[in-house]
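Enquirer: Right, I'll just put the structure down here and ask away after.
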């Protein structure tokens, strides 16, 4: 491996107290083909139910990366990381977070033996962070919509369903080739696969009606969830607020309220994407065409590849 020097920022960046307490910040993780080490771990970025995410540097090229490590030593958490790495490695689209590598934490410390996934680092935060600042402009949201639908078209063409489309899993990118990156394929599955008993399936406030009912899911469930995300971006509020139970019950009774002030184009797109009947929702390709009409200048993106 021909390594590049570690950037000065990476050499001097202090780990936060929380990150330091994990025992992984500051270590260099290897790969089978790079046993001397390839990824320098920096600060903790966040924790989920089954994984912990760190910022890192790829010492091969000096680029920043995100390192996702199995949260616990349980087999379930390890399977989740292995499955996500396999899925990401099979995808190649500018609107899907890029796969870099996968490996296992070497001996030493509490993380020893746990699998890790290395992926592209997105610089712009997530839609969840943008929403906390209030509603976004329709043209900007249209750009996000077109890019995300382009990425979903690619995912769906591989026979996969993401199952957890939500603001936190759509990352913003400062790169010109695409404005968003779809991330976190931890519970992605083959389309129409029956959910396993007790298996996590999405985030309550963005679940489709069929997802809430525990039915086998197709590509339409991602379209519905993205519709709710886009509506929240435009209004600054969740379409189905309240407790998880209240939110789930509400969407089985009615569609989301889409303000007429958004304009005919947005009302048409969001109404179609959030139709109660999955068969009535557009494909990602069809929805992309509608979203493209809502923005003045759209960068060329391939729908599938």
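The values are calculated or read from the model by the stated rules, or taken from the named source; none is laboratory data. Since the structure is predicted, the reported quantities are computational estimates derived from the model, not experimental observations. Quick reminder, even Gly has a Cβ in these numbers, built from the backbone with ideal geometry, and neighbours come from all protein chains shown.
Enquirer: Residues in region 85-103: is at least one surrounded by fewer than 18 Cβ atoms within 10 Å (Cβ to Cβ), modelled with pLDDT under 95 and more than 21 Å from residue 226 (Cβ to Cβ)?
Expert: For region 85-103, residues surrounded by fewer than 18 Cβ atoms within 10 Å (Cβ to Cβ), modelled with pLDDT under 95 and more than 21 Å from residue 226 (Cβ to Cβ): absent.
Enquirer: Follow-up. For region 66-122, give me each residue that is assigned to a helix (DSSP H, G or I), in contact with a strand residue (DSSP E or B) (Cβ under 8 Å, 6 or more places away or on another chain) and touching a residue at least 24 places away in the same chain (Cβ under 8 Å).
Expert: 77, 78, 80, 81, 82, 84, 85, 87, 88
Enquirer: So for region 130-141 (the condition being closer than 24 Å to residue 87 by Cα, more than 11 Å from the chain's Cα centre (by Cα), touching a residue at least 24 places away in the same chain (Cβ under 8 Å) and assigned to a helix (DSSP H, G or I)), does at least one residue qualify?
Expert: no
Enquirer: Ok, one more. Restricting to region 35-54, give me the number of residues that are over 16 Å from the mean Cα position of the chain (by Cα) and surrounded by 14 or more Cβ atoms within 10 Å (Cβ to Cβ).
Expert: 8
Enquirer: Please tell me if residue 58 is surrounded by fewer than 19 Cβ atoms within 10 Å (Cβ to Cβ) and modelled with pLDDT of 95 or more.
Expert: The answer is no for residue 58.
Enquirer: Let me ask you something else. Just for helices (runs of 4 or more DSSP H) wholly inside region 201-305: which have at least 3 residues that are under 21 Å from the mean Cα position of the chain (by Cα) and in the same structural domain as residue 162 (by TED's automatic domain parsing)?
Expert: Because the criterion is at least 3 residues that are under 21 Å from the mean Cα position of the chain (by Cα) and in the same structural domain as residue 162 (by TED's automatic domain parsing), the helices (runs of 4 or more DSSP H) in region 201-305 that meet it are 209-212, 219-235, 284-292.
Enquirer: In the same structural domain as residue 84 (by TED's automatic domain parsing) and modelled with pLDDT under 95: is that true of residue 112 in this structure?
Expert: Spelling it out, residue 112 is indeed in the same structural domain as residue 84 (by TED's automatic domain parsing) and modelled with pLDDT under 95.
Enquirer: Just checking, which of 57, 52 is touching a residue at least 24 places away in the same chain (Cβ under 8 Å), closer than 21 Å to residue 165 by Cα and part of a strand (DSSP E or B)?
Expert: 52
Enquirer: Can I ask one more? Search region 238-261 for residues being touching a residue at least 40 places away in the same chain (Cβ under 8 Å) and either in contact with a strand residue (DSSP E or B) (Cβ under 6 Å, 6 or more places away or on another chain) or crowded, with 18+ Cβ neighbours inside 10 Å (or both), and hand back the single one that is nearest to residue 132 (Cα to Cα).
Expert: Residue satisfying both the conditions and the ranking: 247.
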